[in-house]
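To keep things clear, I will list the structure first and then write my remarks on it.
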Amino acid sequence: MNHRESPIQELTKLSEHPAQKQLFKMLTSQIEKDLIMCGIEWKNASNVTPSTLIPAMEIVINNLLKHNYKNDIRMFLYRVDVNEKLLRQIENLNVDEIVNLVIRREIEKIWMKYKYSNV
């Protein structure tokens, strides 16, 4: 994954890949797993599509920030394996930036799983 590309560009790559359905299912399953491991509910996760993923994640992150669940969001970002330097600067990031970090990292993880599971 190229870090200069936006999550939308990365999602477009997934949607153009021959295994698009499998990759997108892996992506949403990974996000849901990481949320559940942090005790965070992702409502309507099963209804998420490539075009609704970013807005759906914005709702999750917004709810965590709005309800002042700073520890929950930190735990989630730690679970996702977001860069520690960025994790320490969470207060300075807006919702879009946090969502971008999450989606980029989750896409990296599923690309690696997909790549090495088919060797």
(message) Within segment 37-54, does at least one residue satisfy the condition of being within 16 Å of Glu108 (Cα to Cα), of a type in the set (Ser, Thr, Tyr) and without any contact (Cβ under 8 Å) to a residue 24 or more places away in the chain?
(response) no
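Here's the yes/no breakdown for (1) open to solvent by less than 50 Å² (accessible area, probe 1.4 Å); (2) farther than 20 Å from Leu27 by Cβ; (3) among the aliphatic types (A, V, I, L, M):
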| position | (1), (2), (3) |
| --- | --- |
| Ile59 | no, no, yes |
| Lys66 | no, yes, no |
| Asn71 | no, yes, no |
| Phe76 | yes, no, no |
| Arg79 | no, no, no |
| Glu91 | no, yes, no |
| Glu97 | no, no, no |
| Leu101 | yes, no, yes |
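Mind listing whichever residues of segment 99-117 are over 9 Å from the mean Cα position of the chain (by Cα) and either among the basic types (Lys, Arg) or under 20 Å from Glu32 (Cα atoms) (or both)?
Going residue by residue through segment 99-117, those that are over 9 Å from the mean Cα position of the chain (by Cα) are 108-117.
Within segment 99-117, Glu108, Lys109, Ile110, Trp111, Met112, Lys113, Tyr114, Lys115 qualify.
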(request) For residues that are open to solvent by 20 Å² or more (accessible area, probe 1.4 Å), outside any helix (DSSP H, G or I) and touching a residue at least 60 places away in the same chain (Cβ under 8 Å), tally how many sit in segment 11-36. (result) 0
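Residues checked against (1) in a loop (DSSP other than H, G, I, E, B); (2) at positive phi; (3) of a type in the set (Gly, Ala, Ser); (4) out of contact with any helix residue (DSSP H, G or I) (no Cβ under 9 Å at 6 or more places or on another chain):
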position	(1), (2), (3), (4)
Ala56	no, no, yes, no
Asn71	no, no, no, yes
Leu86	no, no, no, no
Glu91	no, no, no, no
Leu101	no, no, no, no
(message) Any residue in segment 90-104 that is more than 13 Å from Leu53 (Cβ to Cβ) sitting within a Cβ distance under 7 Å of a residue that is in a helix (DSSP H, G or I) and of a type outside the set (A, V, I, L, M, F, W, C)? List the pairs, counting only those 6 or more apart or interchain.
(response) Ile90/Arg74; Val95/Glu58; Val95/Asn62
(message) Anything in segment 103-119 that is more than 21 Å from Trp42 (Cα to Cα), assigned to a helix (DSSP H, G or I) and not small (Gly, Ala, Ser)? List them, or say none.
(response) Trp111, Met112, Lys113, Tyr114, Lys115, Tyr116
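Condition check: over 25 Å from Tyr116 (Cα atoms), touching a residue at least 40 places away in the same chain (Cβ under 8 Å) and not hydrophobic (A, V, I, L, M, F, W, C). Does Glu84 satisfy that? Don't jump to the end; show me each part of the working.
On the way: over 25 Å from Tyr116 (Cα atoms): yes; touching a residue at least 40 places away in the same chain (Cβ under 8 Å): no; not hydrophobic (A, V, I, L, M, F, W, C): yes.
It is false that Glu84 is over 25 Å from Tyr116 (Cα atoms), touching a residue at least 40 places away in the same chain (Cβ under 8 Å) and not hydrophobic (A, V, I, L, M, F, W, C).
The values are calculated or read from the model by the stated rules, or taken from the named source; none is laboratory data. Values in this document were obtained by computation on a predicted structure and should not be read as measured data. Don't worry about glycine lacking a Cβ; one is built from the backbone with ideal geometry, like all the others, and counts go over all protein chains shown. Accessible surface is based on the protein model in full, side chains and every heavy atom, while ligands, DNA and RNA are left aside. Shrake-Rupley method; radii C 1.70, N 1.55, O 1.52, S 1.80 Å.
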